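Remarks on the structure that follows.
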Amino acid sequence: MGRGPQVGAAPASLDPADWSAFRAEAHAALDRALERLEHVAEGPVWRPTPAAVQARFAAPLPTGPRDLSDVLADVDALVAPYVVGNTHPRFMGWAHGAGTPVGVVAELVAAALDANCGGRDHVGPIVERQVARWAAQAFGLPEASSGVFVTGASQANFLGLLVARDAALGHAVRREGLRGQGAQLCAYASAEAHGCVRQAMELAGVGAGFLRQIETDADGAMRPAELQAAILRDRAAGLAPFLIVGAAGGVNFGAFDDLAALADIAAAERLWLHVDGAFGALTTLAPSLKPLTRGLERADSVAFDFHKWAHVPYDAGFLLVRDRAVHKATFAATAAYLSRLPRGLAAGDDWPCDYGPDLSRGFRALKVWLTFQTLGADAIGRAIEANCAAARRLAERVRASDVFELAAPAPLNIVCFSLKRDREGALNAELVMRLQERGLAAPSTTRIGGRLVIRAAIFNHRTTEADVDAVFDAAAQIAAELGAATG
Ligand SMILES: Cc1ncc(COP(=O)(O)O)c(C=O)c1O
């Protein structure tokens with residue numbers, strides 16, 4: 001195998017001296033990657049990274065070349081076995097997508113093209129606009145809505161909040177800051193809202209103290225009457241309500257706000273309706289789940305991730321905005337080096353960098369385009385439905401158990417449950433750690449009503465009902481070891 005940079009005709013080039021040897025090595029690496037994915041279910045879900053492996057990543061900066069085959073052998077031995085594990089069908093923690101073999105190919109192709117998709121007149125931004133149109137179609141927003149890729153829904157929610165802030169105050173806020181813009185802004189989200197909404201208030205300079213987290217009903221949905229009352233209270237106190245953040249799939253157990261009711265209030269009160277649909281917005285691809293998102297089509301902006309329930313490889317967050325002009329005016333900036341020209345590579349009014357703060361950015365749109373072209377939206381919708389069916393099975397097993405009890409509603413794909421006799425949740429935590437350490441399963445934990453509970457979020461298209469049973473049986477076995485198995 002040829003070594004890295006070669007001395008010769010093109011001494012500074014980083015390309016291989018022997019392309020055909022390199023190609024063989026690259027093909028073998030791809031084969032091993034696909035092999036791992038095909039057989040992922042046969043290994044442990046997760047294993048800790050041993051100290052000896054960690055020590056290998058404390059090495060000094062390599063100054064000379066090394067054979068690619070050697071370095072790839074390191075990847076096989078030191079990296080691949082110790083990743084987070086979300087491709088495994090018994091990974092049920094947090095809200096992680098599972099990737100697809102098509103996504104592997106897409107990343108590979110995109111890496112070889114190495115397109116900087118911040119701007120300029122090339123096909124990258126065109127594909128990104130195609131994806132925005134698909135999202136608008138799926139959610140029922142106008143086809144002319146603008147969209148932009150970001151790392152994830154945390155960023156997309158932050159950018160959505162900035163657009164709402166500009167819509168409320170006018171774009172002079174970009175120059176003048178929040179001081180002197182009149183009354184203090186305040187926003188509204190459910191008590192179940194993801195922490196990134198609070199953080200977005202901090203980062204935007206509005207202040208987390210002005211996020212009103214509205215009480216929820218038994219299903220985890222924001223109570224519209226409480227929302228309305230809070231808005232009136234704030235207005236009476238001289239504050240300036242500007243934004244309602246609705247949830248399409250809450251992080252704890254998948255609660256949906258009544259988006260149509262929120263849209264009515266937003267329209268009557270002239271507020272911006274932003275929806276955090278990090279994973280739940282894509283339930284619009286699943287016909288049986290579509291009623292959950294009624295009202296989404298009235299949102300002013302939607303934040304969501306293709307890397308969650310569409311299984312596009314990390315990362316692929318997205319912000320969709322109904323009013324393209326407001327979106328653009330929130331971020332677009334003039335700089336001599338970004339000047340547009342009538343023709344050539346610098347042509348075009350609509351560069352992705354006009355719709356967010358990122359300038360250099362990769363070709364995320366290609367992996368989304370390739371995934372949807374190859375698999376089709378219907379198959380992704382069916383995989384979402386299958387996850388929800390698997391979650392219903394897990395919830396049934398919990399309900400039928402003497403040992404465990406449900407800790408929250410399970411309307412979608414997330415089942416929060418607890419050992420019956422574990423008031424604080426210390427045994428739940430121990431149970432989750434043992435499941436993970438033994439590589440049997442990887443649920444995560446959350447707190448419901450102050451109690452730490454087991455949280456199984458089924459986002460993986462590889463998860464079968466047999467996996468659900470295996471996870472439940474393993475949890476029951478550990479409950480017995482902990483002496484918590486008697487009702
Ligand atoms: C409801 C909700 N909002 C926002 C986020 C943040 O998304 P990301 O991790 O892609 O930044 C998550 C992550 O799970 C989520 O579940």
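The stretch between ALA111 and ASP15, if pulled fully straight at 0.36 nm per residue, gains 33.1 nm over its current Cα-Cα span. Each residue of the range 345-361 was assigned a 3J(HN,Hα) from its phi angle through the Karplus expression (A = 6.51, B = -1.76, C = 1.60, θ = phi - 60°), giving 5, 8, 7, x, 8, 10, 9, x, 5, 7, 10, x, x, 7, 9, 6, 7 Hz with x at Gly and Pro. Placing one equal scatterer on every Cα of the range 327-444 and applying the Debye formula, the log10 ratio I(q)/I(0) at q = 0.10, 0.12, 0.13 Å⁻¹ is -0.64, -0.74, -0.78.
Rounded to the nearest 20 debye, the dipole magnitude of the chain is 800 debye, with +1 charges on Lys and Arg beta carbons, -1 on Asp and Glu beta carbons, and the Cα centre as origin.
Remark on the range 65-122: ratio of C-alpha radius of gyration to 2.2 N^0.38 Å is 1.54.
Taking every Cα-Cα distance in the range 194-234 and sorting them into 5 Å bins from zero, the calculated P(r) comes out as 6, 22, 22, 21, 22, 6, 1 percent. On the chain, 55 percent of the accessible area sits on carbon and sulfur atoms, based on a 1.4 Å probe.
Overall, the anisotropy analysis places the chain in the oblate class: the square-rooted eigenvalues a ≥ b ≥ c of its C-alpha gyration tensor yield a/c not less than 1.5, with a/b not exceeding b/c.
Restricting to DSSP loop positions (anything but H, G, I, E, B) with no more than 16 other Cβ atoms inside 10 Å of their own Cβ, which trypsin sites (Lys or Arg not before Pro) remain in the range 11-112?
Those that pass, being in a loop and sparsely packed, are ARG66.
Restricting the GluC sites (Glu not before Pro) of the range 135-200 to loop positions (DSSP other than H, G, I, E, B) with no more than 16 neighbouring Cβ atoms within 10 Å leaves GLU143. Amide H contacts for ILE448 (H built 1.01 Å from N in the peptide plane; partners 5 or more residues away or on another chain; cut-off under 5 Å): VAL453. Within the range 386-487, the GluC sites (Glu not before Pro) that combine a DSSP coil assignment with at most 11 other C-beta atoms in a 10 angstrom radius are GLU424.
Calculated on the alpha-carbon coordinates, the convex hull of the range 20-120 measures out at 176 cubic angstrom per residue.
Restricted to Cα atoms, the range 402-479 shows a radius of gyration and a Dmax of 11.7, 33 angstrom. Derived scalar couplings between HN and Hα for the range 168-177 equal 6, 9, x, 6, 4, 4, 5, 8, 9, x Hz in order, rounded to whole Hz, by the Karplus curve 6.51 cos²θ - 1.76 cosθ + 1.60 (θ = phi - 60°), x for Gly and Pro.
With Cα atoms as the point set, the radius of gyration and Dmax of the range 381-438 evaluate to 12.7, 38 Å.
Given their separation in residues at 0.36 nm each and the Cα-Cα distance between them, VAL71 and ALA59 gain 2.9 nm when the chain is fully extended. Ordered by 1.4 Å accessible area with all protein chains kept, LEU345, LEU427 run largest first as LEU345, LEU427. When the helices of the chain are scored as -39500 (n - 2.57) per DSSP H run of n ≥ 4 and the total is divided over every residue, the value at 222 nm lands at -12000 deg cm²/dmol. Overall, the ratio between the Cα radius of gyration of the range 235-313 and 2.2 N^0.38 Å, rounded to two decimals, is 1.18.
For the chain, the share of DSSP beta bridges that are antiparallel, to the nearest 5, is 55%. Distance between the 7 Å Cα→Cβ label points at ARG340 and ALA51: 5.9 nm. In the range 245-397, the C-alpha radius of gyration followed by the widest Cα-Cα span (Dmax) gives 18.3, 64 angstrom. Cross-link partners for LYS420 among the aspartates and glutamates, with Cα-Cα distance under 12 Å and sequence neighbours closer than 8 places in the same chain left out: ASP402, GLU405.
The values are calculated or read from the model by the stated rules, or taken from the named source; none is laboratory data. On a predicted model such as this, the values are computed, not experimentally measured, just so you know. Don't worry about glycine lacking a Cβ; one is built from the backbone with ideal geometry, like all the others, and counts go over all protein chains shown. Side chains are part of the model used for accessible areas, which takes the heavy atoms of the whole protein and leaves out ligands, DNA and RNA. Shrake-Rupley method; radii C 1.70, N 1.55, O 1.52, S 1.80 Å.
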